[in-house]
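The values are calculated or read from the model by the stated rules, or taken from the named source; none is laboratory data. Remember, it's a predicted structure, so these values are computed and weren't measured experimentally. Backbone-built Cβ (ideal geometry, glycine too); neighbour counts: all protein chains shown.
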Amino acid sequence: MSGQPLLIFAAKAVGILAVVLTAATYATWAERRVAAWIQDRIGPNKTGPFGLLQPIADVLKLFFKEEIVPAPVDPVLHFITPGIIMVGVIAATALIPFAENLTLADPPVGVLLLLGISALSGYSVILAGMASRTKYSLFGSLRAAAQVISYEIPMALAIASVVLMAGSLSLVDIVKAQSHLPFAITQPVAFIIYLIAVFAETNRAPFDLPEAESELVGGYHTEYSSMRFAWFFAGEYAHVVIASALITTFFLGGWYGPGPDGVWWFAIKTLFFVYFFLWVRWTYPRTRYDQLMKFAWKVLIPLGLLNILITALIKIWG
Amino acid sequence: MKGIFALFKGLWITLKHNVKNVAHNTFTVQYPDEKRDLPPRARWALRLQRHEDGLERCIACQLCAAICPSEAIYIEGGENPLDNPVSKGERYAAVWMWDAARCIYCGFCVEACPDEVIVMSDVYELATDSREKLIWDKDRLFVPPGVQPRQAWLGYYRRAEDLDGKPLEFPARLHEKEMEYARAKEEPKKFEEKKEFMFLEGEYEELIKKENRT
Ligand code: SF4
Ligand code: SF4
């Protein structure tokens, strides 16, 4: 907050939230268009120019749909879980340094806070399955529980080597440490580990096992309909946008870029990674569950540990 | 190592398709705006024909109703008034009803009809919001006087030149279209064009090469 007047701070907060949520909404449109293009189709192009009003039509449709709450669910949990995923995503927005002077909060332990918050969205997925009390949902959340825990470790390891390089847990300082060279170049292994782990963290293909439509109907959100489903859906896409923003922050030097620095560099990099998420989803098939776990524990985590060790040694002697 | 290379190759292929389709999509027919040409022997909604002078061709012989396997046709014959004839025979169809929902579009009625009354048209947008509207009555079935349906299927064993007397105008057009269709089939060039839809440039040739090797 650093002593800004409250009004300006509030305006910034609302503005950033609006931009992030709009981006998340339009990520659904982008997902459908990109999927269509990759599969030699056209995609939604009738609602407004280039189908740009499609997300609005979708939201309206979801609003007016009948809300079906199955009899055996736990009513309280079933009601609050769609909210939790959004709370996690929105809270993470506050920590992201969009530009030099465009950060809502820069706590000295920003990275730790972020890891905590991102674990929260995992909770919502796990609780959703438990609250639904049906087998498909439960299987979805079982998978989510194992997957989120397994992939949080390599993710944290990758971030740890970034923190070692920057010498700070503050996100702004981490970006500032990349003013000359982004960490994607100086820490390529950590970058790749993070990139892979983040797909598992956001439950996106090829690691979308918690919602694997072909085996689990809809996974953890099978029993959700209407707006409650929409929250999960929006949460997933908001998560994709936030995750892209975090990749930009940790590894691509945030607002720094060739030419004039500024928020546009941040936007361009983030949008590229949003596209990357969609691109990967429509390229690779879903992995098998044992492959997923094996990959985390036998490849990513040892590699991450080794990377930290080497980074630390270079830091000491280099 | 090979696996990692394959990952990037996969991304490259999807990216190529993405870029190609942003620029130009070759597959999709934007249905309500664009419509595909139907093949000349497409068999959709029944249409009933008139003579050139506007009289109805149907003589209410009931052969079509008799052969129809799903009983989709209902006809009531009437005595043809001599002073104001409706058809050219002794009888005419006072009621001619066809149920688009029961019809299986087999075309038997077209074959059975002795007077080239029934043809199958290319009208395939038959969906409505009630079952009653799926039952077509005489007004809807008979083409208006002086009008020819855009496309008409006359049965497997009839051709324009087989018609006795003066051939109707539409079968001649149909015949032309059929010949065009047959020619297109013989010309391998058309298939060359089709190939482009399925594969990216060069991919097809490579596939053939590979198949020849194994
Ligand atoms: S096409 Fe077949 S099912 Fe349809 S009306 Fe004619 S004979 Fe009956
Ligand atoms: S077979 Fe032909 S002539 Fe006979 S009733 Fe049917 S449509 Fe009329």
Starting from residues that are of a type in the set (Ser, Thr, Tyr) and surrounded by fewer than 20 Cβ atoms within 10 Å (Cβ to Cβ), keep the ones in segment A:284-318 and report whichever is farthest from residue A:242 (Cα to Cα).
A:289
Any hit, segment A:289-297, residues being farther than 25 Å from residue A:174 by Cβ, among the basic types (Lys, Arg) and in contact with a Lys or Arg (Cβ under 7 Å, 6 or more places away or on another chain):
no
Condition (residue is more than 30 Å from residue A:33 (Cβ to Cβ), within 16 Å of ligand 1 (Cβ to nearest atom), in contact (Cβ under 8 Å) with a residue 24 or more places away in the chain and surrounded by fewer than 20 Cβ atoms within 10 Å (Cβ to Cβ)) applied to segment B:81-95: is it met by at least one residue?
yes
Residue B:15 passes all but one of the listed conditions (1) without any contact (Cβ under 8 Å) to a residue 60 or more places away in the chain; (2) assigned to a loop (DSSP other than H, G, I, E, B); the exception is number (2)
Mind checking which helices (runs of 4 or more DSSP H) fall wholly inside segment A:1-112 and carry at least 2 residues that are closer than 15 Å to residue A:242 by Cα?
A:6-38, A:75-95
Candidates A:237, A:224, A:275, filtered to the one that is modelled with pLDDT of 85 or more and farther than 30 Å from residue A:180 by Cα:
A:237
Whether any residue in segment B:122-140 is under 18 Å from residue B:63 (Cβ atoms) and of a type in the set (A, V, I, L, M, F, W, C) is what I want to check.
no
Within segment B:64-74, can one find any residue that is over 30 Å from residue A:40 (Cβ atoms) and not assigned by TED's automatic domain parsing to the domain that holds residue B:130?
no
Touching a residue at least 12 places away in the same chain (Cβ under 8 Å), closer than 19 Å to residue A:18 by Cα and in a helix (DSSP H, G or I), is that true of residue A:200?
no
Are any residues in segment B:29-54 modelled with pLDDT of 85 or more, of a type in the set (A, V, I, L, M) and part of a loop (DSSP other than H, G, I, E, B), and if so, which ones?
B:45
Whether any residue in segment B:72-81 is within 15 Å of ligand 2 (Cβ to nearest atom), over 28 Å from residue B:33 (Cα atoms), modelled with pLDDT of 90 or more and assigned to a loop (DSSP other than H, G, I, E, B) is what I want to check.
yes
In the set B:36, B:43, which member is more than 14 Å from chain A (Cβ to nearest Cβ) and touching a residue at least 12 places away in the same chain (Cβ under 8 Å)?
B:43
